[in-house]
Structure formats: C-alpha cells, structure tokens
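Encoded as structure tokens, the structure appears first; notes follow it.
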Amino acid sequence: MDSVLRAAAIYLVVLVVFRLAGRRTLSELTTFDFVLLLIIGEATQQALLGDDFSIVNAMVVIVSLVVFDIALSLLKNKSRWLSKLIDGEPMIIVEHGQVLERRIRKARIDEGDILEAARHSQGLERIDQIKFAILEKDGKISIIPR
Amino acid sequence: MSSEQDELSDRDYPIQEDMGFQEKLWKLERAGWVALSLVVAITLLGVFGAGPLSQTHAQTPGGDLDIRYQRFERNGAASQLQVKAKAGSDGQVWLAIDGALLERFSVESIHPQPLVAEAFGNGMRLQFQPDAQGWATAYLTLRPDGVGPAKSVARLNGQSVTLSQFVYP
C-alpha cells in the first residue's frame with residue numbers, strides 16, 4: 001500500500017512542478033538541463049523506494065507510475081479542459097513576418113530562439129521569411145516559411 | 001504593426017487558439033512560481049525540520065530537565081535530541097521517557113551510554129552518571145518510523161515535560 005501512495009505523491013509533485021516550470025524549461029535540453037534531470041531523478045528515487053529494495057516493491061512502483069500515466073492520458077482524452085491545463089496549447093508567435101512580442105515575452109522565449117528554430121528546420125535567415133512560427137505544446141518551435 | 005490588444009485575440013489559422021485560457025495559464029504559472037519559492041523559503045526557516053522554526057526546547061518548571069529537540073521531523077530521517085538533566089537527591093540522574101519517542105521513533109544511539117536502561121511503566125528509564133556539578137548531558141539519535149503528530153513525555157525527579165513533534169511523510 002505504501003509504495004502506491006509514494007508513487008502517487010511523487011507523480012503528483014513531479015507533474016505540478018514541471019507544469020509550473022513551463023514548457024520551455026526542460027524541452028530544449030542543454031547539457032546542464034540534462035544533468036539537472038539526472039539529479040532530480042536521483043532525489044526522487046529514495047523517496048519512491050524508501051528502504052524497501054525488494055523486486056516486488058520496484059515492480060509495484062513502476063506499475064503504479066505507468067497506471068497513473070495511463071489514467072491521466074485517458075482523463076485528458078475525456079476532458080479537453082484538463083488536457084489544455086496539463087499540456088497547454090500551441091500558440092502562434094510569428095505571424096506573416098511579425099513577431100508577437102507580448103506572447104513570446106510571456107512564454108519566456110526571444111527572437112533568437114525563433115531564428116534558431118528557423119535555421120534548424122528551414123534554413124531561414126530572417127524573421128520576415130517566416131509566415132508562421134508556432135510554439136508547440138512540447139515547447140518546440142515549428143516554422144512555416146513564406 | 002501588431003498591438004498588445006491584437007495579440008490577445010484568438011487566431012484560427014493555422015491553429016485554433018484560446019488566448020483567454022492561455023492568459024489564465026500564465027497567471028497560474030506565475031502564482032505557482034511564488035508558491036514554489038515559498039516552499040524553498042519555509043524550508044530554509046525549518047518548517048520541514050532542522051531550522052530556526054524547528055529547533056525548540058522543553059524544560060521542567062524547576063529547570064532540572066532541559067530537552068532540545070526538533071519540532072518537525074521527516075519520516076526516515078535521523079535527528080538529534082539533547083537532554084540536560086540534573087541529579088536528584090540520591091545523586092543520580094534517572095530519566096524516564098515514554099510515549100511516541102519509543103513507539104514512533106527508533107532510538108538509534110544514546111551518547112554517553114546510560115549506566116542502566118530498564119522498563120518503567122509504559123516506557124523506559126535511563127540512568128546516567130552526572131558530572132561533579134550534578135548535571136548529565138546525553139545525546140539521542142532518533143529516526144522516525146511513522147507519520148503524523150507525536151507526543152512524548154520525559155520525567156525526572158518527579159517533574160515531567162511533554163515533547164510535541166510532527167513527523168512529515
């Protein structure tokens with residue numbers, strides 16, 4: 001029983017913290033972000049397992065986490081509101097070569113990030129070559145050239 | 001040029017937006033950052049154990065017994081408890097403890113080792129060798145095993161103190 005409650009608590013904490021951190025925070029992984037993720041995993045591990053290192057406990061924890069994840073995905077399918085709350089929605093940040101300043105400021109990205117995405121995916125050089133840039137749910141920027 | 005107001009309006013091509021909801025999410029996000037910062041702040045203050053708000057002490061009315069302990073404990077995390085006790089009329093220090101201290105915590109070590117440790121009522125009684133001034137100081141290492149509020153009682157020379165602690169999961 002303990003293991004399921006532990007898994008539920010950790011699942012909830014991780015969900016809330018990462019949601020609050022925003023979609024940009026850990027989506028474009030730098031080396032530092034990657035190490036940070038490892039450390040977060042390390043800190044979580046002890047609380048998840050406690051002092052019970054049995055195979056049954058590990059199995060129960062893994063199964064619980066996966067079950068919660070499946071349940072959440074089903075709920076998100078049922079409720080569009082919940083899905084928007086947890087995953088967010090895509091948002092247009094460049095429209096016909098015009099950067100929507102207020103939006104990117106709120107989303108904590110800058111023109112450099114958009115240009116980087118434009119170079120990566122389309123080989124574009126300037127903002128005015130972009131028809132639409134869209135900040136996707138996972139924090140990546142997709143570019144539609146003119 | 002796109003004005004601030006225009007940026008708030010929903011686009012429906014190439015994707016359908018809901019900027020009203022997005023604005024609410026941003027507000028929620030900002031409120032969440034404040035909440036996360038508060039968690040860090042109250043942790044530094046010791047609300048989750050080991051800090052100025054957690055460190056406390058309890059004393060008998062006569063001052064014969066003074067116990068320094070943590071008000072907030074975390075399940076499975078060791079902490080220290082310091083006992084300062086004055087010898088009774090027989091020149092010995094007899095410290096009796098019972099309640100949560102024994103039921104909800106495992107006492108991992110007692111330094112210095114008591115001369116005698118024996119059953120006493122619902123709890124146990126420890127005898128320590130006092131120094132030349134008639135005082136004995138002992139350090140107990142505790143590890144909580146269980147969560148929730150925990151009340152313990154310590155007795156010395158006919159007086160008692162109550163220790164109220166809270167163990168976080």
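The values are calculated or read from the model by the stated rules, or taken from the named source; none is laboratory data. Just so it is clear, the model here is predicted, and its values are computed rather than measured. Glycine gets a Cβ as well: all are built from the backbone with ideal geometry, and neighbour counts include every protein chain shown.
Of all residues in region A:71-91, those satisfying the criterion of being out of contact with any helix residue (DSSP H, G or I) (no Cβ under 8 Å at 6 or more places or on another chain) and either closer than 14 Å to A:L15 by Cα or within 14 Å of chain B (Cβ to nearest Cβ) (or both) are A:A71, A:S73, A:S79, A:R80, A:W81, A:P90.
Among the residues of region B:94-105, is there at least one that is within 14 Å of chain A (Cβ to nearest Cβ), of a type in the set (F, W, Y) and within 25 Å of B:S164 (Cα to Cα)? No - not one qualifying residue is present in region B:94-105. For A:I109, the conditions (1) surrounded by 15 or more Cβ atoms within 10 Å (Cβ to Cβ); (2) of a type in the set (A, V, I, L, M, F, W, C); (3) touching a helix residue (DSSP H, G or I) at 6+ places or on another chain (Cβ under 8 Å) all hold with the exception of (3). From A:I114, A:I104, A:I109, which residue is modelled with pLDDT under 90, out of contact with any Pro (no Cβ under 9 Å at 6 or more places or on another chain) and not assigned by TED's automatic domain parsing to the domain that holds A:L15? Being modelled with pLDDT under 90, out of contact with any Pro (no Cβ under 9 Å at 6 or more places or on another chain) and not assigned by TED's automatic domain parsing to the domain that holds A:L15 holds for just one of A:I114, A:I104, A:I109, which is A:I109.
Give region B:60-81 a look and list any residue that's farther than 13 Å from B:V161 by Cβ and part of a strand (DSSP E or B), or say none. Outline the logic, then answer.
Of region B:60-81, the ones farther than 13 Å from B:V161 by Cβ are B:70-80.
Hits for region B:60-81 are B:Q70, B:F72, B:E73, B:R74, B:S79, B:Q80.
Within region B:9-29, can one find any residue that is acidic (D, E), surrounded by 14 or more Cβ atoms within 10 Å (Cβ to Cβ) and more than 10 Å from chain A (Cβ to nearest Cβ)? Within region B:9-29, not a single residue is acidic (D, E), surrounded by 14 or more Cβ atoms within 10 Å (Cβ to Cβ) and more than 10 Å from chain A (Cβ to nearest Cβ). Checked against the criteria, A:V66 counts as loosely packed, with under 14 Cβ neighbours inside 10 Å and either touching a Gly at 6+ places or on another chain (Cβ under 9 Å) or of a type in the set (A, V, I, L, M, F, W, C) (or both). All of A:K131, A:K137 fail the test of being within 14 Å of chain B (Cβ to nearest Cβ), touching a Pro at 6+ places or on another chain (Cβ under 9 Å) and part of a loop (DSSP other than H, G, I, E, B), apart from A:K137.
Selection of region B:96-129 for residues being touching a residue at least 60 places away in the same chain (Cβ under 8 Å), crowded, with 18+ Cβ neighbours inside 10 Å and hydrophobic (A, V, I, L, M, F, W, C) yields B:A100, B:L101. Within region A:55-71, residues that are in a helix (DSSP H, G or I) reach partners that are among the acidic types (D, E) and surrounded by fewer than 17 Cβ atoms within 10 Å (Cβ to Cβ) with beta carbons closer than 9 Å, at six or more positions or on different chains, in the pairs A:N57/A:D2; A:A58/A:D52. Set side by side, the residues A:R119, A:R103 differ, and just one is over 21 Å from A:F18 (Cβ atoms), among the basic types (K, R), at the interface with another protein chain (Cβ under 10 Å from one of its Cβ atoms) and part of a helix (DSSP H, G or I), which is A:R103.
It is to be established whether one or more residues within region B:71-79 are under 22 Å from A:I86 (Cα atoms), of a type outside the set (S, T, Y) and crowded, with 16+ Cβ neighbours inside 10 Å. No. The set of residues from region B:130-150 being part of a strand (DSSP E or B) and either out of contact with any helix residue (DSSP H, G or I) (no Cβ under 9 Å at 6 or more places or on another chain) or surrounded by 13 or more Cβ atoms within 10 Å (Cβ to Cβ) (or both) comprises B:W135, B:A136, B:T137, B:A138, B:Y139, B:L140, B:T141, B:L142, B:R143, B:P144, B:G148, B:A150.
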